[in-house]
Amino acid sequence: MQSTRGVMYRVNRKWQLHVWELKGAPETWEPELRKHLAATPVFAVISGIGGRTWAPVHRFCERAGLPCLLPNVDLPVVAEQDFYPVYFSKGVLLEAEIVARQLEATRERLALRRVVQVFRAGDIGEEAAKALQGAASTAGLAAALRPLRSARAKEELAAALGDAGPGDALVLWLRPDDLTLLPAFPLRLESVYVSGIMGGLERSPLPTAWRGPARLTYPFDLPDLRKVRMNFPLGWFNVRHIPVVAERVQTDTYLACVILSETLGHMLDSFVRDYLVERIEVLLSHRLVNGYYPRLGLAPGQRFASKGGYVVRFAQPAGARLVTDGDWIVP
């Protein structure tokens with residue numbers, strides 16, 4: 001509770017948003033960021049959009065002592081000893097941990113001996129496949145990595161899947177364009193996993209014959225369960241006539257800004273960067289409206305606010321309704 005005396009002496013501040021757009025290749029980002037910060041010494045970096053790498057931004061913020069809060073990245077930097085960068089989740093690396101947990105649980109029942117992973121070279125699925133390969137090796141499973149390198153994905157996919165058979169688990173780290181090129185009939189495998197993040201979640205364009213056996217990793221709340229919470233960001237966009245063209249990115253950005261605004265309100269006039277991060281650690285777990293996420297929470301030494309996910313399957317050969325294959329999994 002804020003005392004009347006404390007509120008009386010508060011300074012009214014008007015926060016200003018500065019957009020930093022990085023122009024060059026990732027190797028040039030840190031010098032670009034140093035120039036931006038020298039020209040405009042901002043209080044924090046909020047949200048932001050990253051593609052295949054966020055590492056240069058992560059390193060810059062940690063070295064500069066600049067809070068880097070909740071960016072839109074599906075391949076974050078795992079360095080929980082760092083203090084200033086804070087993420088929603090581990091993204092595809094969390095999906096790899098969820099698949100590893102499922103393989104461990106089903107290994108004996110399905111007599112699994114090998115994990116076959118298909119991904120497009122240079123995309124974020126390559127790092128997820130490497131992470132899962134390490135976990136599979138530790139569990140005594142052989143691993144086969146099958147990168148797609150050319151534009152002739154249909155032929156490459158057929159070749160990559162050609163020797164998969166009984167005793168194999170198949171993991172697809174593919175975008176929608178590649179998923180549509182899967183063979184009309186799936187291989188006779190009992191263990192098939194698809195990255196929900198990369199594949200488009202419930203809008204994943206899996207061929208009909210794959211929708212029965214395939215399981216999607218889903219590190220978010222299910223659509224029906226998050227529907228009421230989504231009224232807040234979607235209503236905000238509607239009132240301001242903002243078209244929704246990338247729902248998850250826009251919702252996460254809205255949520256990041258709301259979290260920052262609420263945290264600043266609890267800081268009174270103690271605007272210190274380290275204190276901002278510490279207050280977010282304390283306040284995040286008390287939130288009830290978290291967009292795509294059922295719950296968020298941080299503690300000292302934790303930099304990923306959502307720590308689990310579901311394994312789901314399509315309820316019908318057509319349509320987007322999902323059902324879970326178990327409870328929420330925290331690897």
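In what sequence do MET230, MET198 fall when counting other Cβ within 10 Å, fewest first? Please list the in-between numbers first.
On the way: MET230 16, MET198 26.
Lowest count first: MET230, MET198.
Count Lys and Arg as plus one, Asp and Glu as minus one, and take only other residues whose Cβ is under 14 Å from that of PRO67; the net charge is then -1. When the Cα gyration tensor is reduced to axis lengths a ≥ b ≥ c, the ratio a/c is 1.5 or higher for region 116-165, and with a/b not above b/c it is classed as oblate. Go through the chain and flag any cysteine with no other cysteine's C-beta closer than 4.7 Å, please. Singleton cysteines: CYS257.
Place a +1 charge on the Cβ of each Lys and Arg in the chain and a -1 charge on the Cβ of each Asp and Glu, then give the dipole magnitude about the Cα centre in debye, rounded to the nearest 20. Please report the intermediate quantities before stating the final value.
Values: 40 positive and 34 negative charges, 106 e Å.
For this selection, approximately 520 debye.
May I ask you to list the lysines whose Cα is less than 16 Å away from that of LYS23, ignoring any residue fewer than eight positions away on the same chain? Qualifying lysines at Cα under 16 Å: LYS35.
Listed values for region 127-134 are Karplus-derived 3J(HN,Hα) couplings in whole Hz (6.51 cos²θ - 1.76 cosθ + 1.60, θ = phi - 60°), namely 5, 5, 5, 5, 5, 5, 4, x, and x replaces Gly and Pro.
Across region 38-51, coupling constants 3J(HN,Hα) worked out from phi with the 6.51/-1.76/1.60 Karplus curve, θ = phi - 60°, read 5, 6, 9, x, 6, 7, 7, 9, 10, 6, x, 10, x, x Hz, and Gly and Pro carry x. Separation of region 290-331 from region 187-218 is 16 Å, based on Cα centroids.
Going Cα to Cα from LYS14, which aspartates and glutamates come in below 14 Å? Please leave out same-chain ones fewer than 8 positions away. Hits, sequence-local ones excluded: ASP269.
Residues VAL42, VAL249 in ascending order of nearby Cβ atoms (within 10 Å, fewest first): VAL249, VAL42.
Look at the alpha carbon pairs under 8 Å that are at least 6 residues apart: their mean separation over the length of the chain gives a relative contact order of 17 percent. Taking amide H positions as modeled 1.01 Å from N, with prolines and chain starts lacking one, the residues under 5 Å from ALA143 and 5 or more places away or on another chain are VAL115.
Dipole size in debye (nearest 20) for region 227-331 around its Cα centre, Lys and Arg Cβ +1, Asp and Glu Cβ -1?
Details: 12 positive and 9 negative charges, 70 e Å.
For this selection, approximately 340 debye.
Extension gain, MET230 to GLU262, is 9.7 nm, computed as 0.36 nm per intervening residue step minus the present C-alpha separation. Summarising the strand pairing of the chain, around 20 percent of its internal DSSP beta bridges are antiparallel. GNM on the chain, alpha-carbon springs under 10 angstrom: the most fluctuating residue among ARG303, ARG226, ARG109 is ARG109.
Counting only residues at least eight positions apart within a chain, or on another chain, the lysines with an alpha carbon under 26 Å from that of LYS130 are LYS90, LYS154, LYS307. Considering only GLY199, TYR275, VAL77, the residue lying farthest towards the positive end of the dipole of the chain is TYR275, judged by Cα position with unit charges set on Cβ. Kirkwood-type hydrodynamic radius, region 92-218: 14.2 Å, calculated from all non-identical alpha-carbon pairs.
From the P(r) of the chain, could you give the percentage of C-alpha pairs in the tail past 25 Å? Write out the running numbers ahead of the final one.
Working: 30467 of 54615 pairs.
Result for the distance tail: 56 percent.
Pairs of Cα atoms nearer than 8 Å and 6+ residues apart set the relative contact order; for region 92-218 it is 26 percent. Given in Å, the Rg to one decimal and the Dmax to the nearest whole number for the Cα atoms of region 1-159 are 21.6, 72.
Since every read-out is calculated from the coordinates, none of them should be taken as a lab result. In this text the structure is predicted, and so the values were computed from the model without any measurement. Cβ sites come from the backbone with ideal geometry, for glycine too, and all protein chains shown count toward neighbours.
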